[in-house]
Each structure stands twice: as C-alpha cells, then as structure tokens.
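Only one structure is covered here, and it is reproduced in the block below.
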Amino acid sequence: MSSKFRQEHTVGSFLWKFFAYLIMIVFALLAIFPLIWLAINSFKTTVEFQANMIGLPKKFYTQNYSGAWRIGNFGVLFGNSVLYTLVSVSVAAFLSLLTGFGFAKLQQKSTKPIYSIFILGILLTTQTLMVPIFLQISQLDNLLGNFFEALGLCNAKNFHLFYNTKFGVILVYVGSLLPIGVYLCTEYVKSVPTSLVEAALIDGAGYFQIFISIIVPMCIPIIITLGLLNIPTIWNEFALINIMVSQLKLQSLPLGIYKFSGTLASDYGKEFAALVIGLLPMLTFYLIFRKQITMSVGNGAIKG
C-alpha cells in the first residue's frame with residue numbers, strides 16, 4: 001500500500017511539474033517570439049516584408065539601421081536619454097534616501113502628514129499629471145521671464161528655465177520618481193538600528209554626517225533597488241517629455257522612435273530597425289542585471 005502511494009505521488013508530482021514547465025515555456029515563447037520577429041523583419045525591405053512577414057530575409061538589409069539612425073537623429077537623442085536617465089535616477093535616489101532618513105529617524109509632528117502626501121503620489125498616474133505639469137512650467141517661465149525682463153536682464157518671450165530645457169525635464173523626472181523612492185527608503189531606513197544614530201549624535205556628529213557615514217553605506221541595497229527599477233522607467237518615458245520639450249536637440253530616444261509612426265510608418269524596415277535600436281539598451285540592461293533585479297526587488301524593497 002505504501003509502495004503504491006509513493007508511486008502515485010511520484011506520478012502526480014511528475015505531471016504537476018510537466019504542466020507547470022509547459023505553461024512557463026508557452027509564456028516564455030509568447031514573450032520571446034515578438035522580439036525575434038521584430039529583429040528578423042528589421043533586416044527586410046518594405047517590399048520583402050509585405051511579401052513575407054514571417055520567414056527569414058533573403059538578404060539581410062543592414063541599411064535599415066543606418067537609415068533609421070540618421071532619420072531619427074538617434075546620435076543626439078541617445079545621448080539625451082543617457083543624460084536624463086543617469087542624472088534623474090541618481091538625484092532621485094539621493095533625495096529619496098535623504099528624505100527617508102528624515103521620516104524614519106527624525107520624526108516630528110509634521111512627519112506623518114508630509115509622508116502621507118508622498119504616499120499619495122504613488123497613486124497618481126502620468127496621464128493625470130501631464131496637464132498640471134505643463135501649466136505649471138509655462139506659468140513659472142512666464143512669471144520669471146516677466147520678472148527678469150522688468151530688471152532688464154532678458155526678453156520674457158525668450159526666457160525658458162523649465163520648458164524646452166534639460167533642467168526642466170530632469171526636474172520633472174526626479175519629482176515623478178520621489179513618491180515610490182521615499183516610501184521604499186523610509187521603510188528600509190527604519191530597519192537601521194536607532195542606537196547607531198543616537199551614538200553618533202552623542203559623539204558630536206551632525207545629521208548630514210550621520211547620513212553620509214552611516215545611513216548611505218547601510219542602505220546600498222535599497223539604492224541599487226531604486227536604480228534597477230527607475231532606469232527602465234526613465235529610459236522608456238514618453239508622455240512627460242513629449243509635453244516638456246519641442247526642440248529636437250532636447251528630445252529623447254522614445255520621441256525619435258515615435259517619428260516612425262507618422263509619415264515613415266510605411267517604411268517598415270526602418271521602423272522595425274528604430275524599434276530594435278530603442279529596445280537593445282534595456283534588453284542588454286536586463287540580461288546583465290537580471291539576477292540583481294530579482295534579488296533587489298525580492299529583498300531590498302521589502303526589508304523592514
């Protein structure tokens with residue numbers, strides 16, 4: 001009886017693993033096949049793609065990539081995307097950790113209301129922020145422009161500090177990353193022993209010195225977590241920068257790719273090549289840091 005039970009248990013376990021792996025394989029193919037299809041068709045001419053949408057190209061037409069890079073002005077836009085991503089993610093991580101330190105270890109009467117405002121920001125979507133942000137940056141530019149014009153320093157119509165500037169884009173990006181960053185950092189800093197902070201205060205250390213020498217080294221995991229989560233977010237961001245800039249030299253890679261959905265939509269080869277160019281950096285980023293992403297999200301984000 002015991003032998004029969006073990007045999008049935010073994011068969012049941014095998015079937016369960018078989019169907020589990022079968023489902024995972026199906027989902028993996030559903031995710032991978034569009035990428036392979038996109039890469040294959042990026043080497044076809046428009047005529048060949050329309051004649052054969054599934055098979056391999058008869059000849060790999062590499063001119064699609066050089067044409068897409070030139071038409072989309074990706075040399076400039078790629079550099080802008082790198083700048084926006086690195087600066088925004090770095091500044092947001094620093095400010096999030098600094099704010100989290102204040103909320104977790106330097107609590108005052110106003111701490112909870114202010115913290116609640118940050119948490120409320122997590123619920124706001126990009127679509128709900130687009131119009132208010134555009135109106136605010138326009139009004140601030142007009143206000144400052146009129147002020148400096150009254151001082152004889154510039155022409156108000158030509159003054160732009162927030163709209164059509166890299167500073168304005170980075171400022172908005174940092175603000176969009178702060179709610180979730182402050183939440184994660186606050187919860188993580190709570191796990192740092194308060195006795196360490198108190199001992200440092202007794203030794204005469206200032207709060208900023210405590211932050212740099214104690215909090216930052218002990219919070220490296222959450223800093224890495226924020227970086228791994230926020231880099232793809234800013235790199236692929238489209239809606240906010242679309243309303244923040246109109247000049248080509250200030251745009252990012254997603255806006256350059258968007259050009260191929262307009263008058264160039266019929267040139268499928270270059271359109272697919274542009275999509276691959278935009279996809280490769282994040283695909284490479286994921287392949288390199290896939291283990292760190294899983295570990296950081298699973299450990300760093302929930303600690304405390």
### Query
S90: surrounded by fewer than 17 Cβ atoms within 10 Å (Cβ to Cβ) and within 30 Å of L196 (Cα to Cα), yes or no?
yes
### Message
Quick check on this structure: which one of G102, G152, G121, G79 is more than 19 Å from A239 (Cβ to Cβ) and either touching a residue at least 12 places away in the same chain (Cβ under 8 Å) or not in a helix (DSSP H, G or I) (or both)?
### Response
G152
### Task
State whether the residues of segment 65-83 include one that is in contact with a Leu (Cβ under 8 Å, 6 or more places away or on another chain), among the aromatic types (F, W, Y) and at pLDDT 90 or above.
yes
## Note on the structure
Across (1) part of a helix (DSSP H, G or I); (2) within 17 Å of K105 (Cβ to Cβ), S191 clears everything bar (1)
#### Entry: segment 219-249, subset in a helix (DSSP H, G or I) and either touching a Pro at 6+ places or on another chain (Cβ under 9 Å) or polar (S, T, N, Q) (or both), residue nearest to V91 (Cα to Cα)
N230
### Message
Looking at the structure I just gave you, is F49 at pLDDT below 90, over 22 Å from L280 (Cβ atoms) and part of a helix (DSSP H, G or I)?
### Response
no
### Message
I'd like to check something: does segment 170-180 contain any residue that is without any contact (Cβ under 8 Å) to a residue 24 or more places away in the chain and either aliphatic (A, V, I, L, M) or surrounded by fewer than 20 Cβ atoms within 10 Å (Cβ to Cβ) (or both)?
### Response
yes
### Task
Search segment 200-256 for residues being closer than 24 Å to F159 by Cα and small (G, A, S), and hand back the single one that is surrounded by the most Cβ atoms within 10 Å (Cβ to Cβ).
S252
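The values are calculated or read from the model by the stated rules, or taken from the named source; none is laboratory data. These figures come from a predicted structure and were not determined experimentally. Don't worry about glycine lacking a Cβ; one is built from the backbone with ideal geometry, like all the others, and counts go over all protein chains shown.
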